[in-house]
Amino acid sequence: MSTTTAVIYARVSSVGDRQSTDRQISDLLDYVEYQHWDICKIYEEHISGAKKNTERPVLQKAIEYCKANSISILLVSELSRLGRNAFEVLATVKDLIDNRINLYMQKEQLTLLDNEGKPTMFAPIMIATLSTCAQLERENIKFRLNSGRKLYVERGGKLGRKVGSVKTTEQKKEEHKDIISYLKRGYSVRNVAKLTNKGISTVQRIKTEFNL
């Protein structure tokens, strides 16, 4: 029996430490272990779900990796992680189907393909409905945020990051020197997270940023 190979893609909208992919990754890893699948790669991205597929490099890398390595299944915490534009989501889904790559959405408890590698009966309807709802919700959130920003500015507020809020490379090295030390010694991302009591996404980000 061939081994089911899996890739995890996790996304949050904000850049930096304000939002974390830790919970998404942890929950999906638990599911992979429960299914006894072989986890091959974990991708995480900090970018708005409103971006077009072509503007989301990590998602593209995840999908291309799945194609190039004949990965069995791509896992996400929920459908909206693939985007909040219905047409973009459906384009991604069609690409996965065309390449016989299954998709598991944990929140919806839904898979894209059946055991024979064919689209499940309700998957196309469910995905179209859920992605449209996600897009409508995003438009509502965008309207409320823009309205709030406008009122804030009218009352004299200033938008944008505060001066000095972005950490330098040296500051990051000092802050995460324990992570860097363990990674240089060959420890896995998950083990380093446990040893340093830091989030998996934080360790993965440091590993990528410093090419460790």
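The values are calculated or read from the model by the stated rules, or taken from the named source; none is laboratory data. Here the structure is a predicted model, which means the values were calculated and not measured. Every residue, glycine as well, gets a Cβ built from its backbone with ideal geometry; the counts of neighbours run over all protein chains shown. For the accessible areas, the whole protein counts, side chains as well, though only heavy atoms, and no ligand, DNA or RNA atoms are used. Shrake-Rupley method; radii C 1.70, N 1.55, O 1.52, S 1.80 Å.
Observations on the structure shown:
- Surface accessible to a 1.4 Å probe, per residue, for the residues of the chain, Å²: 62 Å²
- A simple charge model with +1 on the Cβ of Lys and Arg, -1 on the Cβ of Asp and Glu and nothing else charged puts the dipole of the chain at about 1060 debye relative to its Cα centre.
- Rounded to the nearest 500, the helix-only mean residue ellipticity at 222 nm of the chain stands at -15500 deg cm²/dmol, with each DSSP H run of n ≥ 4 adding -39,500 (n - 2.57).
- Separation of the Q109 and Q171 label points, Cα + 7 Å toward Cβ, nm: 4.5 nm
- Placing Y43, Y65 in order of accessible area, with the largest value first and a 1.4 Å probe, yields Y65, Y43.
- Take the convex hull of the alpha carbons in segment 41-90; its mean projected area over all directions comes to 3.5 nm².
- Heavy-atom accessible area for D114, with the other protein chains in place and a 1.4 Å probe, reaches approximately 60 Å².
- Beta-bridge orientation, the chain: approximately 15 percent antiparallel, per DSSP, counting only bridges with both partners inside.
- Multiplying each eigenvalue of the alpha-carbon gyration tensor of the chain by 5 and taking the square root yields semi-axes of 30, 27, 13 Å, largest first, rounded to whole angstroms.
- In nm, spacing of pseudo-spin labels at D38 and F87 (7 Å Cα→C-beta vector): 4.0 nm
- Placing dummy labels 7 Å off each Cα toward the beta-carbon, the span from N69 to K194 is 2.2 nm.
- Residue of I25, I180, I47 that the Gaussian network model of the chain assigns the largest fluctuation, springs spanning Cα pairs under 10 Å: I180
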